[in-house]
Amino acid sequence: MLSIAGTDPSGGAGTAADLKSITAAGGYGMSAVTALVAQNTRGVRSIHVPPEPFIAEQLRAVSEDVEIDAVKTGMLANAALIETVSSWLEENPPRILVVDPVMVATSGDSLLEAEAEEAMIAFCERASVVTPNIEELARLTGQPRAQDESAALEQAQAWARRTGVAVVVKTGHLDSAEVTNTWVDPDGTRLPVPSTRVSSTSTHGTGCSLAAALATRLGGGESPQAALAWSTQWLHEAISHGEALRVGTGHGPVDHAHRARRLQAAGESTPWLEAGAIPPVLVTPDQIPAVLGATLPATAPSEPAAAPAVAAAGPWTQALWRAGEHLAQQIAQSDLVRQLVDGSLPASAFAFYLAQDSLYLRRYSRALAALSAASTEPAAQVFWADGAASCLTVESALHRGRLGDQEQIGISPVTSAYTDFLLATTLGEERAVGVAAVLPCYWLYAQTGAMLPSIPSDHPYADWLETYRDPRFVIATQGALEQVEQELAAASPATRSDAVEAYLRACRHELEFFDQALRLASPVAADQRETVLEGAL
């Protein structure tokens, strides 16, 4: 994948952003530099354009030796440079050419002289797809700046039909809470990928990054819908975490590598609990340490954890909370929960999450039934039996209503590992160990629900989010805490140690369960969800 663009020594835009984006999107990045730019997060200071023969020599050097699957162009500073790149493209036509027509800044200021702008407009007709901002779309089409998404789509459709070149309409510069990238095809097809606006000052290089990622995914053989969906969702995550990089004092860069680091952490085999982390004999609750803080993924939050929204039932459950509170905090701050709350979670990821939750509840019900059978107190028998029945009736009803037959998707490795652990623990260990293992599904979900903001009724996931803070679920959580407190108080010191370990392992399984929907290899937009799920059956 070849980037033809200018530089950015601060690393947020130009070839620096392109190469990071290409790598993140799964490609091998190459670059030909069209301009040396002295800039940082606060602005551009000066630009040096190398002689055109040298730029042509860069392009020939690459194409004579390396097979190029796709090309993305960015800053082409003048008409002569545009002609140089055009000539090379004539000799080496790529299968995919994505043109980011760097003509107009988001402020509306022109970045090219009039002659170069005319050359860029003509150059765009060579592309497979162009990715203009709203201002550039107006220049490209010779129309006034679009004031809303509908007008922008109409401008793009007319130009695409006339030129035979697809357009990605980006609405990030319009005033709306929802931000949609739409592929507009010359034949009239429109493929929207919705997202939500991120309040962030780290937006430097977003145009470069989206175009480079899109080119990479298209060059890898993905359809326009799948390529744009992946690129949009990846960039949304990168913008969301850009400010945490703390790069510069102006408009900082996006975090191109956040998704890669998240997946790397998910794939690591570091033990969740180090040997000896929990004392083998627990006589008092004070012996239980906050053991998981040091073994969380690198993305774990650093702020103090919140107190339990559903109060502990006594000293033993209070000690359990202290041991796993950072996991509860990380779940509440996870990308999946954040995207559920702001409505940006892709429909395909939500469908996958619901399907896995449905499969989980069937096995969780068996684990609760096992606890009921193992209990000797009538109250405990009734409590766990009611919980098992609820999993198959009340809680599963929402899954069936949303998914229908789609819930037949296969069980994931994460769901399988978690439920295998629960069944092995409740069927094969002391009862106190089993009740500790099933507690996080109650307590951590109730905690997440209590921390949710107010959800409007027209929110795409409103019904699901409300289940997290259903008063009936809170009551059930209180009952589970009482059962665990009683079991730990009555257990032997050695069994208590095993129970604490089971609780903490289950907490970590919960974190993995929440995160897994954002580990899908090829997420797609909402209108492809049924096709993909049907093809997997």
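Filter the range 183-206 down to the residues that are out of contact with any His (no Cβ under 9 Å at 6 or more places or on another chain) and among the β-branched types (Val, Ile, Thr) and list them by number.
Val184, Thr189, Val193, Thr206
Looking at Ala499, Ala494, which is the one that is hydrophobic (A, V, I, L, M, F, W, C), surrounded by fewer than 22 Cβ atoms within 10 Å (Cβ to Cβ), in contact (Cβ under 8 Å) with a residue 60 or more places away in the chain and under 21 Å from Ala275 (Cα atoms)? Even if it seems obvious, please write down each step before you answer.
On the way: Ala499 fails: surrounded by fewer than 22 Cβ atoms within 10 Å (Cβ to Cβ).
Result: Ala494 is the single residue among Ala499, Ala494 that is hydrophobic (A, V, I, L, M, F, W, C), surrounded by fewer than 22 Cβ atoms within 10 Å (Cβ to Cβ), in contact (Cβ under 8 Å) with a residue 60 or more places away in the chain and under 21 Å from Ala275 (Cα atoms).
Consider Arg126 carefully, then state whether it is farther than 26 Å from Gly12 by Cα, in contact with a Leu (Cβ under 8 Å, 6 or more places away or on another chain) and touching a residue at least 40 places away in the same chain (Cβ under 8 Å). Quick ask: steps written out before the conclusion?
Values: farther than 26 Å from Gly12 by Cα: yes; in contact with a Leu (Cβ under 8 Å, 6 or more places away or on another chain): yes; touching a residue at least 40 places away in the same chain (Cβ under 8 Å): yes.
Considered against the rule, which asks whether it is farther than 26 Å from Gly12 by Cα, in contact with a Leu (Cβ under 8 Å, 6 or more places away or on another chain) and touching a residue at least 40 places away in the same chain (Cβ under 8 Å), Arg126 comes out as yes.
Yes or no: the range 134-142 includes at least one residue that is free of Cβ contacts under 8 Å to residues at least 60 places away in the same chain, crowded, with 23+ Cβ neighbours inside 10 Å and of a type in the set (Asp, Glu).
yes
Residues Ala24, Ala32: which one is buried (at least 20 other Cβ atoms within 10 Å of the Cβ), closer than 21 Å to Arg259 by Cβ and either within 25 Å of the chain's Cα centre (by Cα) or not basic (Lys, Arg) (or both)?
The unique qualifying residue is Ala24.
If Glu67 meets every condition in (1) more than 28 Å from Gly221 (Cβ to Cβ); (2) exposed (fewer than 15 other Cβ atoms within 10 Å of the Cβ) apart from one, which number is that one?
Unmet condition: (1).
Just give me the residues in the range 143-169 being among the small types (Gly, Ala, Ser), farther than 24 Å from Glu83 by Cβ and surrounded by fewer than 20 Cβ atoms within 10 Å (Cβ to Cβ), in sequence order.
Passing the criteria: Ser150, Ala151, Ala158.
Just to verify a result, which residue in the range 157-177, among those that are in contact with a strand residue (DSSP E or B) (Cβ under 7 Å, 6 or more places away or on another chain) and assigned to a helix (DSSP H, G or I), is farthest from Val99 (Cα to Cα)? Spell out the reasoning first.
Here is the first cut: in the range 157-177, the residues in contact with a strand residue (DSSP E or B) (Cβ under 7 Å, 6 or more places away or on another chain) are 157, 159-160, 165-172, 177.
Restricting the remaining residues to those that are assigned to a helix (DSSP H, G or I) gives 157, 159-160.
Details: Gln157: 17, Trp159: 15, Ala160: 14 Å.
So, considering only residues that are in contact with a strand residue (DSSP E or B) (Cβ under 7 Å, 6 or more places away or on another chain) and assigned to a helix (DSSP H, G or I), the one farthest from Val99 (Cα to Cα) is Gln157.
Within the range 335-343, is there a residue that is touching a helix residue (DSSP H, G or I) at 6+ places or on another chain (Cβ under 8 Å) and among the charged types (D, E, K, R)?
yes
Do we have Pro279 as more than 25 Å from Ser454 (Cα to Cα), more than 29 Å from the chain's Cα centre (by Cα), modelled with pLDDT of 90 or more and part of a loop (DSSP other than H, G, I, E, B) here?
Working: more than 25 Å from Ser454 (Cα to Cα): yes; more than 29 Å from the chain's Cα centre (by Cα): yes; modelled with pLDDT of 90 or more: yes; part of a loop (DSSP other than H, G, I, E, B): yes.
It is true that Pro279 is more than 25 Å from Ser454 (Cα to Cα), more than 29 Å from the chain's Cα centre (by Cα), modelled with pLDDT of 90 or more and part of a loop (DSSP other than H, G, I, E, B).
Can you pull out every residue in the range 444-461 that is out of contact with any Cys (no Cβ under 9 Å at 6 or more places or on another chain) and surrounded by 17 or more Cβ atoms within 10 Å (Cβ to Cβ)? Before you say what the answer is, go through the steps one by one.
In the first step, residues of the range 444-461 are kept if they are out of contact with any Cys (no Cβ under 9 Å at 6 or more places or on another chain); the result is 445-461.
Tyr445, Ala446, Gln447, Thr448, Gly449, Met451, Ile455, Tyr461 - these are the residues of the range 444-461 that are out of contact with any Cys (no Cβ under 9 Å at 6 or more places or on another chain) and surrounded by 17 or more Cβ atoms within 10 Å (Cβ to Cβ).
Looking at the range 43-146, what strands (runs of 3 or more DSSP E) fall wholly within it and have at least 3 residues that are under 33 Å from the mean Cα position of the chain (by Cα)?
Values: elements: 43-48, 70-73, 96-99.
Of the strands (runs of 3 or more DSSP E) lying wholly inside the range 43-146, those with at least 3 residues that are under 33 Å from the mean Cα position of the chain (by Cα) span 70-73, 96-99.
Is at least one residue of the range 304-320 in contact with a Lys or Arg (Cβ under 8 Å, 6 or more places away or on another chain), at pLDDT 90 or above and under 30 Å from Ala16 (Cβ atoms)? Don't jump to the end; show me each part of the working.
Looking only at the range 304-320, we keep the residues that are in contact with a Lys or Arg (Cβ under 8 Å, 6 or more places away or on another chain), and these are 316.
Checking the rest, the ones that are also at pLDDT 90 or above come to 316.
Cutting the leftovers down to under 30 Å from Ala16 (Cβ atoms) gives us none.
No, every residue in the range 304-320 fails to be in contact with a Lys or Arg (Cβ under 8 Å, 6 or more places away or on another chain), at pLDDT 90 or above and under 30 Å from Ala16 (Cβ atoms).
So the check is Cβ under 7 Å with 6+ separation or different chains; which pairs have a first residue in the range 144-170 that's under 19 Å from Gln225 (Cα atoms) and a second one that's surrounded by fewer than 22 Cβ atoms within 10 Å (Cβ to Cβ) and of a type in the set (D, E, K, R)?
Taking only residues 6 or more apart or on different chains, the pairs are Leu153/Arg190; Ala160/Asp185; Val165/Glu125; Ala166/Asp185.
Show me the helices (runs of 4 or more DSSP H) entirely contained within the range 370-432 in which 2 or more residues are modelled with pLDDT of 95 or more and not β-branched (Val, Ile, Thr). Steps first, answer last, please.
Values: elements: 378-392, 394-403, 413-428.
It comes to 378-392, 413-428.
Could you please find all residues in the range 480-496 being closer than 16 Å to Tyr442 by Cα and either part of a loop (DSSP other than H, G, I, E, B) or of a type in the set (D, E, K, R) (or both)?
At the first step, the residues of the range 480-496 found to be closer than 16 Å to Tyr442 by Cα are 480-485.
Within the range 480-496, Glu482, Glu485 qualify.
Looking at Glu125, is it of a type outside the set (Gly, Ala, Ser) and modelled with pLDDT under 95? Spell out the reasoning first.
Numbers: of a type outside the set (Gly, Ala, Ser): yes; modelled with pLDDT under 95: no.
No: the conditions fail for Glu125.
Return only the number of the condition from (1) touching a strand residue (DSSP E or B) at 6+ places or on another chain (Cβ under 6 Å); (2) buried (at least 21 other Cβ atoms within 10 Å of the Cβ); (3) assigned to a helix (DSSP H, G or I); (4) in contact (Cβ under 8 Å) with a residue 24 or more places away in the chain that Asn181 does not satisfy.
(3)
Condition check: of a type outside the set (Lys, Arg), touching an Asp or Glu at 6+ places or on another chain (Cβ under 6 Å) and surrounded by fewer than 21 Cβ atoms within 10 Å (Cβ to Cβ). Does Ala80 satisfy that? Lay out the reasoning, then the answer.
Working: of a type outside the set (Lys, Arg): yes; touching an Asp or Glu at 6+ places or on another chain (Cβ under 6 Å): yes; surrounded by fewer than 21 Cβ atoms within 10 Å (Cβ to Cβ): yes.
For Ala80, the condition - of a type outside the set (Lys, Arg), touching an Asp or Glu at 6+ places or on another chain (Cβ under 6 Å) and surrounded by fewer than 21 Cβ atoms within 10 Å (Cβ to Cβ) - is met.
I'd like the full set of residues that are within 24 Å of Thr7 (Cβ to Cβ) and in a helix (DSSP H, G or I), limited to the range 219-251.
Listed by number, the residues that qualify are Gly219, Ser231, Trp234, Leu235, Ala238, Ile239, Glu243, Leu245.
Looking at (1) more than 21 Å from Pro186 (Cα to Cα); (2) touching a residue at least 24 places away in the same chain (Cβ under 8 Å); (3) touching a strand residue (DSSP E or B) at 6+ places or on another chain (Cβ under 7 Å), which is the one condition that is false for His48?
The one condition His48 does not meet is (2).
The values are calculated or read from the model by the stated rules, or taken from the named source; none is laboratory data. What you are looking at is a predicted structure, and each value in this text was computed from that prediction instead of being measured. Here Cβ is always computed from backbone atoms with ideal geometry, including for glycine, and neighbour counts include all displayed protein chains.
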